[in-house]
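Note sheet for the following structure.
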Amino acid sequence: MALVTGVVATVVYGLLASRWPAATPRAFLVLGVGLAISLSLAAAVARPAAGLGGLAQRPPGSGDPAAAFASRLEQRLPGWMERYGVPGVAVALVDDAEVVWAEAFGYADAERRRGLGVDALFRVESISKSVSAWGVMKLVERGRVGLDDPVLAHLDAGTHPELAGLGPEVTVARLLTNSAGLPLGPIGEEYAPGAALPSLGEFLAREARLVAEPGTRFMYSNVGYALLELLVEEVTGRDFADYMRDEVLLPLGMRDSTFAWDDAHGAAMPTGYDLRGSPVAPYLYPARASGGLLATVEDVGRFVAASVSEPGAADAWRLEPESVRELQRPRVPVAGLFGFVADGYAAGHFVEELQGGRRAVWHGGQGHGWMSHFHAVPEAGVGIVILTNSQRSWPLMAEVLDDWARWHGLGRVGMSAITTAAVALRVLAGASAVAVMWLLLRTAIGLATGARRWEPFSRAHLRSRAVRVALGMAGSAALAWAAFQPYLFVSSVFPDLVGSAAASFAALAAALIVSALFPPRRAASWSGSGASRLAGSDPAPGYGRA
């Protein structure tokens, strides 16, 4: 990059010096710095993706497609981990409704170089909602709860008077489908193990309130699933973690997973890492149904396998096929950011329509230092689970999911939008770098020819200059604000790109301001009268005055 910058700057310098020999060194300094910044930024944002290879395609005649894809993944995943700065990843593949392969890559603890194993217990965050929905559906099958029942019909009004304002329209089904009109809930409310936590009732008394009319639209809500947790406890008379262990986790073979924290878990779990790559200490939430499940990658794979089993495979410990279909039936269309990656929401599952009329169900999770995702296609009996100990994992998961979907002939999945958006951001940041080069080049040539000079308070082109200064200052202020935020959604989606893109936009903001501070003295071509005065001679033949 330095060599390219030097060559370009030397060529441009030679052209300018030969045309305007009396140009001031300051103009060439501005030009040189501008070229160095612009070309460096352009190179940074245009860096190609690591290890992309060709599109995933199942090799003809492969006897074991899952094994062949696993081999492909083993070759490509380490490159993605290095590119996105993800220390540890565990992946499980489901084929023909069975977990056929699971493997762990990288480190459970990057500082101590402790390797990650498939038996590692992860915070799976919002995948908890899918598993919790399975537990609620067990109560529905047994007739203890109805999907259309008002949740208040199953809660002790005397114990929870603060919930009376929710009304009869907040039903079990609407809570399961995030359409009950309840808020998202607090982000970052974490408690160290052993610290005093608010009780579930105290948490709901503070957070459970209507912010939209129930049943009118999708509103992702951790509070809604906390209310379902209370429902389970009130109806069964048992602790939520105990009920889920006996009725869901153990029957599905998820023997290493739990909703109950034990100090031994903290010592054995991988270390989570935030967006900056800093380690995150273990923590707990006040509620568990929305994001409190601790699970291994194979256990989540077993849950996915049960979710894609053929109809008629039910037995005493598994949900009836109709109940599974009910969990996966889209009830609410999704919009906003969720609308880019899903078509609707079912009961604890996002839903998307794939090419060929197939339907995928999935859920992901993000917490402080952790990310998770599963994707399943019930009709095909296939699924994939990805668990990581880093908040920088969204683009990595998008790469893996896109590869997996193409391998199975499913086309592009919704999460592929992250990869597309990354390309768009690279193009935008690259265009910004080019604009920086153009603005600084124009300013430098104007200084060299005498057509521009330091006149910040000049009235020449005042309106356009004021707009440039306003845009530059607004952009600078926005970037400064973003730099001091503890968490930004865009940073987790584009962890490898956001730094160079921000630098490109910051340079553009500065270039806009600088170009406005050196206004043109009058409308003139670069090689008009200003150049002739600078050189002390008439304009060269063929170069007219402006």
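The values are calculated or read from the model by the stated rules, or taken from the named source; none is laboratory data. Remember, it's a predicted structure, so these values are computed and weren't measured experimentally. Methodologically, a virtual Cβ is constructed for each residue, glycine included, from the backbone with ideal geometry; neighbour enumeration extends over all protein chains shown.
Kindly check whether there is at least one residue in segment 265-282 that is closer than 25 Å to residue 160 by Cβ and either part of a loop (DSSP other than H, G, I, E, B) or in contact with a Cys (Cβ under 9 Å, 6 or more places away or on another chain) (or both). Lay out the reasoning, then the answer.
Step one: list which residues in segment 265-282 are closer than 25 Å to residue 160 by Cβ, which gives none.
For segment 265-282, residues closer than 25 Å to residue 160 by Cβ and either part of a loop (DSSP other than H, G, I, E, B) or in contact with a Cys (Cβ under 9 Å, 6 or more places away or on another chain) (or both): absent.
State all residues of segment 90-139 that are of a type in the set (A, V, I, L, M, F, W, C) and in a loop (DSSP other than H, G, I, E, B); if no residue qualifies, say none. Spell out how you get there, then give the answer.
Keep residues of segment 90-139 that are of a type in the set (A, V, I, L, M, F, W, C), which gives 90-94, 97, 99-102, 104-105, 108, 110, 116, 118, 120-122, 124, 127, 131, 133-134, 136-137, 139.
Listed by number, the residues that qualify are 97, 110, 116, 118, 120, 121, 124.
For segment 481-536, give me every one of the helices (runs of 4 or more DSSP H) that falls completely inside it and has 3 or more residues that are at pLDDT 80 or above and either over 30 Å from residue 414 (Cβ atoms) or small (Gly, Ala, Ser) (or both). Break it down stepwise before answering.
Values: elements: 489-493, 498-517, 529-535.
It comes to 498-517.
Please name all residue pairs, on different chains or six or more residues apart, with Cβ atoms under 7 Å, provided the first residue is in segment 455-469 and is farther than 16 Å from residue 439 by Cβ and the second residue is surrounded by 13 or more Cβ atoms within 10 Å (Cβ to Cβ) and hydroxyl-bearing (Ser, Thr, Tyr).
Nothing qualifies.
Right, residue 401: outside the structural domain of residue 380 (by TED's automatic domain parsing), part of a helix (DSSP H, G or I), touching a residue at least 12 places away in the same chain (Cβ under 8 Å) and over 30 Å from residue 355 (Cβ atoms) or not? Break it down stepwise before answering.
Numbers: outside the structural domain of residue 380 (by TED's automatic domain parsing): yes; part of a helix (DSSP H, G or I): yes; touching a residue at least 12 places away in the same chain (Cβ under 8 Å): yes; over 30 Å from residue 355 (Cβ atoms): no.
Considered against the rule, which asks whether it is outside the structural domain of residue 380 (by TED's automatic domain parsing), part of a helix (DSSP H, G or I), touching a residue at least 12 places away in the same chain (Cβ under 8 Å) and over 30 Å from residue 355 (Cβ atoms), residue 401 comes out as no.
Do you know which residues across segment 412-453 are among the hydroxyl-bearing types (Ser, Thr, Tyr) and surrounded by fewer than 22 Cβ atoms within 10 Å (Cβ to Cβ)? Full working, then the answer.
In the first step, residues of segment 412-453 are kept if they are among the hydroxyl-bearing types (Ser, Thr, Tyr); the result is 416, 419-420, 432, 443, 449.
If the condition is that a residue be among the hydroxyl-bearing types (Ser, Thr, Tyr) and surrounded by fewer than 22 Cβ atoms within 10 Å (Cβ to Cβ), then 416, 419, 420 are the ones that fit.
If I ask for residues that are assigned to a loop (DSSP other than H, G, I, E, B) and crowded, with 17+ Cβ neighbours inside 10 Å, which ones from segment 148-169 would you list? Please lay out each step first, then the result.
In the first step, residues of segment 148-169 are kept if they are assigned to a loop (DSSP other than H, G, I, E, B); the result is 148-149, 155-160, 167-169.
155, 160 - these are the residues of segment 148-169 that are assigned to a loop (DSSP other than H, G, I, E, B) and crowded, with 17+ Cβ neighbours inside 10 Å.
Just to be sure, is residue 374 in contact with a helix residue (DSSP H, G or I) (Cβ under 6 Å, 6 or more places away or on another chain), modelled with pLDDT of 95 or more and of a type in the set (A, V, I, L, M, F, W, C)? Step through it out loud before you land on a result.
Values: in contact with a helix residue (DSSP H, G or I) (Cβ under 6 Å, 6 or more places away or on another chain): yes; modelled with pLDDT of 95 or more: yes; of a type in the set (A, V, I, L, M, F, W, C): yes.
Spelling it out, residue 374 is indeed in contact with a helix residue (DSSP H, G or I) (Cβ under 6 Å, 6 or more places away or on another chain), modelled with pLDDT of 95 or more and of a type in the set (A, V, I, L, M, F, W, C).
Just to verify a result, which residue in segment 170-183, among those that are touching a strand residue (DSSP E or B) at 6+ places or on another chain (Cβ under 7 Å) and among the β-branched types (Val, Ile, Thr), is surrounded by the fewest Cβ atoms within 10 Å (Cβ to Cβ)?
The extreme case among them is 171.
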